[in-house]
Structures are given as structure tokens and as C-alpha cells.
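Structure first, then comments.
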């Protein structure tokens, strides 16, 4: 009877092994070094971590041995708690750095297009629409408006020269 149970556990373990290996490969791709044995992620998912010990225990038909190994991976010497206390980290720092770097790059691009959130200007749109920008200058003190505007300004504009007090029709 125990031989049948051991064979069943071994079958379950051999089914779980490819999934375990896939998870490790994905973790390493997203965050290189994350499955290293001294990181928390490594203590949980690498071949000598919690899931690795449980899968190995199932493959060998030794579920109790897998559970004992997993327990040691959490609280034993070199386990997750011990390694965090020693400052080895979570193992996802590379992933977090990539995500934050990407977010910073995207936000930097938005800032360069729109200008800074503090209104300091400098963005492409600020250069077009801002007070000293292309359209801002054209509509403000430029061709159309303001005191010295070409068309609508006061004193020396085209319309003032035609309709103003000293103008052609004024």
C-alpha cells in the first residue's frame, strides 16, 4: 500500500517539476538573480527552496522529507527569515529597478512634451502654446495682440493705423 502511495506522489512530483522550472525561468528573466539561494524569492522558489523541496519530496515519494526541507527553508539557518535579517534582500530588486526606471523614463518623456508639473515650462507644448512660445508670442504681444502687436495692438498696429484717432478712417 505504501508503495502505491509513493508511486502516486512521485507521479504528482513529476507533473509539478516542469511548472516549478518554468516559474524559476520566468523569475530569472524578469529579475536576474532572484532565485539565488540567499534571497527571499530564492528561498521560496529555487530548487533548494520551499517549492523545490516540496516537489523533490513528492518526486521521491517522501512528502514528510519535503515538508521538513521547506520548513527549514523558511526558518532554518540560511532560510528566508535568516537571510532577510542578514540583509540579502527579496530578490526582486532588479525587477523593481526596471519597473521604476521605465516609469521614470515615461514620465520624463511626458515632462519633456508637456513641461514640468511646477509650471516652469520647457516642454514642447509650452514652447508652442506658452507665454513666450510660438503661438503665445504670436497671439500675445506678437502679430495679433498686446501693446506692440502688428494687427490689433494699440498705437502702431495695422488696425489702429486705419481706424484709430490719427488713422486713415479715424
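Nothing in this text is a laboratory measurement; each read-out follows from the coordinates by a stated rule. Source: prediction; values computed, not measured. Cβ atoms come from the backbone with ideal geometry, glycine included; neighbour counts cover every protein chain shown.
Give, in nm to one decimal, the length gained when the segment between residue 47 and residue 68 is fully stretched (0.36 nm per residue of separation minus the Cα-Cα distance).
6.1 nm
Would you mind calculating the relative contact order of the range 2-85 from Cα pairs under 8 angstrom and at least 6 residues apart, reporting the percent as a whole number?
Relative contact order, the range 2-85: 30 percent.
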Between the modelled labels at residue 75 and residue 60 (7 Å from Cα along Cα→Cβ) the distance in nm is 2.2 nm
Would you work out if the range 2-85 is rounded, prolate or oblate? Take a ≥ b ≥ c from the square roots of the eigenvalues of the alpha-carbon gyration tensor; rounded if a/c is under 1.5, else prolate when a/b is larger than b/c, oblate otherwise.
oblate
Grab the Cα-Cα distance for residue 29 and residue 93, subtract it from 0.36 nm times how many residues apart they are, and report the gain in nm with one decimal.
21.8 nm
When 106, 23 are arranged by how many other beta-carbons sit within 10 Å of their Cβ, fewest first, they go 106, 23
Subtracting the Cα-Cα distance from 0.36 nm times the residue separation, let me have the gained length for residue 22 to residue 82 in nm, one decimal.
18.9 nm
